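Written below as structure tokens is the structure these notes are about.
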Amino acid sequence: MVSEVVENDIFLANALKRGYANLSQVARMIRPIVRDRLNSEVTEQAILSALKRKRASLPRAENRIMNVLAHSNLSLYGGVVKVVLGTESALQILGDILSGNKIYNIYVTTSPNYVTVIAEAQVIGEFRKDLERKAVHIAEDLSLIVIRGPEELIETEGFLAYLYEKLAMAGVNIEEATNSYTDTLVLLKASQAPRAFQALSDLMENARIRRFD
């Protein structure tokens, strides 16, 4: 039950994993939760022992994450638009966009019912009439941060969660996030882009200084 409580609280799990949490205080804090779920009394000592076991079992991937960050780089693109389309409409419009002679920077993510297209405003502008008629949702005044990492990124557990946590701590709200092989794409409001870019730049610089190999 203690393990379940920890796993359901990502901030607590992270504090335990990094060794920041005072286990005695955590045991006191979660004792009422554990007691209510078990519907019986439980001692702080029993919870403390369970927390120690849980901490020992948590994956410690920080060195691998820092190594990937140290070998990654950032790019920031402004004037980006996000368009959400139904699947059938998307196939037609994407066909029109890609059939021309111009080369565009576009990113596409799909789900069973919708297709999300992230592209420069110039691209969307050329097809705006058709898009406004068929789009489910259009979001403008966005920026896109692209994090390009080494191949090790693919197998590095917790990498994306680490980035999202850093952005959340910086007060950044993510509009959309996805990845394509070793590229991680973070879409956000243009007003938040400088803060997000600085936060991620600082994170990478710190990783390089610490020289994780």
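Here's the yes/no breakdown for (1) basic (Lys, Arg); (2) closer than 30 Å to residue 183 by Cβ; (3) assigned to a helix (DSSP H, G or I):
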{"site": "28", "(1), (2), (3)": "yes, no, yes"}
{"site": "37", "(1), (2), (3)": "yes, no, yes"}
{"site": "40", "(1), (2), (3)": "no, no, no"}
{"site": "48", "(1), (2), (3)": "no, no, yes"}
{"site": "55", "(1), (2), (3)": "yes, no, yes"}
{"site": "63", "(1), (2), (3)": "no, yes, yes"}
{"site": "69", "(1), (2), (3)": "no, yes, yes"}
{"site": "76", "(1), (2), (3)": "no, yes, no"}
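Could you please find all residues in segment 59-99 being among the polar types (S, T, N, Q), under 30 Å from residue 16 (Cα atoms) and at pLDDT 85 or above?
67, 72, 73
Taking residue 128 as the residue in question, decide whether it is within 24 Å of residue 191 (Cα to Cα), out of contact with any helix residue (DSSP H, G or I) (no Cβ under 7 Å at 6 or more places or on another chain), basic (Lys, Arg) and free of Cβ contacts under 8 Å to residues at least 60 places away in the same chain.
When the stated conditions are applied, residue 128 passes them.
When you look at residue 94, is it within 28 Å of the chain's Cα centre (by Cα), over 24 Å from residue 164 (Cα atoms), free of Cβ contacts under 8 Å to residues at least 24 places away in the same chain and assigned by TED's automatic domain parsing to the domain that holds residue 147, yes or no?
Against the criterion (within 28 Å of the chain's Cα centre (by Cα), over 24 Å from residue 164 (Cα atoms), free of Cβ contacts under 8 Å to residues at least 24 places away in the same chain and assigned by TED's automatic domain parsing to the domain that holds residue 147), residue 94 qualifies.
Condition check: among the aromatic types (Phe, Trp, Tyr) and within 12 Å of the chain's Cα centre (by Cα). Does residue 181 satisfy that?
Considered against the rule, which asks whether it is among the aromatic types (Phe, Trp, Tyr) and within 12 Å of the chain's Cα centre (by Cα), residue 181 comes out as no.
What number of residues in segment 169-190 are outside any strand (DSSP E or B) and either touching a residue at least 40 places away in the same chain (Cβ under 8 Å) or surrounded by 13 or more Cβ atoms within 10 Å (Cβ to Cβ) (or both)?
4
Does residue 152 satisfy being of a type in the set (Asp, Glu), assigned by TED's automatic domain parsing to the domain that holds residue 185, within 18 Å of residue 178 (Cα to Cα) and surrounded by 13 or more Cβ atoms within 10 Å (Cβ to Cβ)?
Against the criterion (of a type in the set (Asp, Glu), assigned by TED's automatic domain parsing to the domain that holds residue 185, within 18 Å of residue 178 (Cα to Cα) and surrounded by 13 or more Cβ atoms within 10 Å (Cβ to Cβ)), residue 152 qualifies.
Residues are listed down the side, and each one gets a yes or a no for (1) surrounded by 14 or more Cβ atoms within 10 Å (Cβ to Cβ); (2) within 21 Å of residue 164 (Cβ to Cβ):
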residue: 12; (1), (2): yes, yes
residue: 15; (1), (2): yes, yes
residue: 24; (1), (2): no, no
residue: 30; (1), (2): yes, no
residue: 70; (1), (2): yes, yes
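The values are calculated or read from the model by the stated rules, or taken from the named source; none is laboratory data. If you're wondering where the values come from, they're calculated on a predicted model, not measured in any experiment. Cβ: placed from backbone, ideal geometry, glycine included. Neighbour counts: every protein chain shown.
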